[in-house]
Structure formats: structure tokens, C-alpha cells
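The values are calculated or read from the model by the stated rules, or taken from the named source; none is laboratory data. None of these values were measured; they are calculated from a predicted model. Every residue, glycine among them, receives a Cβ derived from its backbone with ideal geometry; neighbour counts consider all protein chains shown.
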Amino acid sequence: MLIGELAELAGTSPRTLRYYEEHGLVRARRDANGYRQYDDGELRVVHEIRTRLASGFALDDIRPFVACLRAGNSAGHVCPDAVAVLRRRIAEVDDYLGRLTEVRERLHDQLSQALEQESPCRMRP
């Protein structure tokens, strides 16, 4: 299929597909006229890329998922390298959630202190 067809089926743009190709995630053949031709399997690859990007993965983190699909697996997350990336991302998210929880607790403490004060705020004119 041509780049426009793949873009439409994948819900993305030809420019995005060229970007993925530049980064070695999507494969295309060139016709004699220079047009890109994509195999039907590239649609699955593009869906995997877009799903991972939407989950906050970087392009380099997506490579093992694409490689897993290209190896003929039913899903991109079943291979050991992809599992390692998932574990690392979960640890990163857990760390981020911990830091956000600390910030929320500090904000709640400040709000409680502000509401507990007996005298209203005095502003200088």
C-alpha cells in the first residue's frame, strides 16, 4: 500500500510515517518511481508505535516492541526486551507518582495551615 493509504488506515499522517521510517521503526520499499510501498504488516507496527507513544514511551523504548512484532509474535509486549522496557517504565511511573504524592501532601499541609489561621491575611496597600 502507498503511504497515504497506510496513513489513513493508521489514523496518522504521511509525514509521521516518514518520521517513523527515519527512525527505523517503519519499513518501506521503493517503487521504480520512488513511491514508498508498505506491507500490510506495517499497519500493526504503526498501531503499536502510536499506542506506545500515547503511553509516554520514547521512540527508542518502542524498538523492542516493534522487533517483537516483526519476529512474528502476536503482540509487541511478549518478548524479553519489551518486558524489560515495561518494567523500567513502571518503575519510572511509580517514582513519578511518589514525587507527585509528596507535592500533593505539601500542598494540603499549606492549605490546612492557611485555613487554620485565626486572623485573615493582611495585605499591604
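Pairs only if they're at least six apart or on different chains, beta carbon under 7 angstrom, first in region 3-17 and of a type outside the set (F, W, Y), second exposed (fewer than 15 other Cβ atoms within 10 Å of the Cβ) and not in a helix (DSSP H, G or I); list them, first residue then second.
From region 3-17, the pairs are A7/S13.
Since Y96 meets every condition but one in (1) farther than 20 Å from Y20 by Cα; (2) surrounded by 12 or more Cβ atoms within 10 Å (Cβ to Cβ), which condition does it not meet?
Among (1) farther than 20 Å from Y20 by Cα; (2) surrounded by 12 or more Cβ atoms within 10 Å (Cβ to Cβ), Y96 violates only (2).
Which of the helices (runs of 4 or more DSSP H) found entirely inside region 27-125 contain at least 3 residues meeting this: without any contact (Cβ under 8 Å) to a residue 60 or more places away in the chain and more than 30 Å from R15 (Cβ to Cβ)?
80-116
Every residue in region 76-96 that is within 14 Å of the chain's Cα centre (by Cα) and either β-branched (V, I, T) or within 21 Å of V46 (Cα to Cα) (or both), please.
G76, H77, A82, V85, L86, R89, I90, V93
Would you check which residues across region 14-54 are over 17 Å from the mean Cα position of the chain (by Cα), loosely packed, with under 15 Cβ neighbours inside 10 Å and small (G, A, S) and list them?
Within region 14-54, A32, G34, G41 qualify.
When region 1-13 is examined, which residues are found to be closer than 20 Å to F65 by Cβ and within 18 Å of the chain's Cα centre (by Cα)?
Residues satisfying the conditions are A10, G11, T12.
With the condition kept exactly as written, say whether any residue in region 100-113 is within 17 Å of the chain's Cα centre (by Cα) and at pLDDT 95 or above.
no
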